[in-house]
Structures are given as structure tokens and as C-alpha cells.
Amino acid sequence: MKFRSFTALVCALALAGIGSAAIVGGTTPAYAQEKKKADPKKKDDAPQTQQQQPQQNVLATKWTKLCQTNDQTKKETCVVTQNLHSETGQMLAAVTVIEEKGAQKLFRIAVPLGMLLEPGLRVVIDQNPPLEAKYAICVPDGCFADLQINDDFVGNLKKGKALIVQTINHVGRTVNITFPLTDFGKSYDGPAIDPKEIQAQKQKLDEAVKNQAKEALKRRLEEQQKNKK
């Protein structure tokens, strides 16, 4: 299984610099086209549910490309990845294109723990038909799924605006995780990042996350003060 050989590489890319904003949210029953009709008896509860489950702004790293040569096969492997973080620095999700010369292209998805392993998850690029993937393994940091992809899938990523990962949480609600595709093509076709730059970018990320956490805490305290008045 290719998971082990790529884990360290993908985790290292989680240190890449922060880019644009994204949205994680959309807690609706089952997948979009599988929504059930609303229960009239629960009509009055709808506004309260919306308030309890708001969409949250998160930070997205830039799409980052890194290549290395496999010591055993002597073949070069390249990954192009993007990660989502909360304002407090918690990693929320990640997606990665994995390419090794002479091997099947893979698209790896990492989501938080607490998701239903069945029926797996779905990947949607703009208005293209959804693709289904099954979870391969779960570790303390989250669960991973691999999807075999081709050049058409990569082409859709290049010209697309957003990629949505749909998964179902432990209470049976769909969670939509959105990854912006703005700079995917530039990163995919461009040169790989120098591994030596990762540490420098990690320091920038840590500082940016620290500032975001301070701002988030400040906003919460201000809201609490307003509510007390």
C-alpha cells in the first residue's frame, strides 16, 4: 500500500504557507441530491439549528508541489497538495495529487476523525459529476481515502474554481469541505518547491496562525462583553 511511503511527505507539505480563505460547512441530511423533505413538526426548530451550526471561515494553504526520488524504485514522485486550517491552527482537511512515473495517479483526501466510514466520501469539481472514494485507513490525525485519477481529472482541477469534498459525520449529516483551485494549475505545472524552504514557510504559518488565533479570541471576548450588556 502506498500510504506509508507518502505519509511523511504529505505531512511535511502541511507546513506550506497560508493562502486564500475557504469555507467548511454545509451540514444537511445526507448528500445534496439525497435530501429528505422537512418535517413540518420541526419547522420552528430550523432557525435555531442554523444558529448552532454556522459556516466557519478557515485558512487554506497555497497549492504546493514537492518532488522526491524513491530510494527503492529510483523513480521520482511528485505531490501537489492543499490543506485547510481553522483560525486556531487546527488542521481540518487536506487533498493531494500524487504522481509517480509509470504508476497510476492518485488523489488523496484527508478528513477529521468522526466521519462515517460507509458510504465513504465524494469529490466534486465545480459542476462536474461527483466521484466516490472509499476510506483506506484512519490514524490519530484523521482518515484517508485514495481515488485513482486520470489526466481529465487533473485538467478539471486546472480549470476549476472549487473542489468540494463531501463526507458524512457521525450523526448522519453531510459535511461539505471546499478547497479553492485558484492556483492549482500554476503549482502543478510549475517547479517543485525546495524542501529547504518548508521550514521557513512553517515559521510563517505558525506566526500567521498565532495571529489569527489572537484575533479570533479577541472577537469572542468582544461578543461575550456585548451579550452581557
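Bear in mind these aren't lab numbers, they're just calculated from the coordinates by the rules spelled out. All values derive from a computational prediction rather than experimental measurement. Because the Cβ atoms are built from the backbone with ideal geometry, glycine has one as well, and the counts that use them run over all protein chains shown.
In nanometres, what is the gap between the two model label sites at L113 and K196, each 7 Å from Cα along Cα-to-Cβ?
Output for this residue pair reads 3.8 nm.
Given labels modelled 7 Å from the Cα in the Cβ direction, how far is it in nm from C138 to E76?
If labels sit at C138 and E76, their model points lie 3.8 nm apart.
When the chain is fully extended, how far beyond the present Cα-Cα distance does L217 get from C67, taking 0.36 nm per residue of separation?
50.2 nm
When the Karplus curve 6.51 cos²θ - 1.76 cosθ + 1.60 is applied with θ = phi - 60°, which whole-Hz ³J(HN,Hα) does each residue of region 115-131 get, with x for Gly and Pro?
9, 5, 6, 10, x, x, 9, 10, 10, 10, 10, 6, 9, 6, x, x, 10
When only Cα pairs under 8 Å and 6 or more residues apart are kept, what is the percent relative contact order across region 63-193?
Across region 63-193, relative contact order equals 22 percent.
Given 4 °C and 1.567 mPa s, how large is the Stokes-Einstein diffusion coefficient of region 72-192 in µm²/s, with Rh as the Kirkwood radius over Cα pairs?
Rounded, D is 86 µm²/s.
Based on the alpha-carbon set only, what is the convex hull volume of region 78-125 divided per residue, in Å³?
Given the Cα convex hull of region 78-125, per-residue volume reads 109 Å³.
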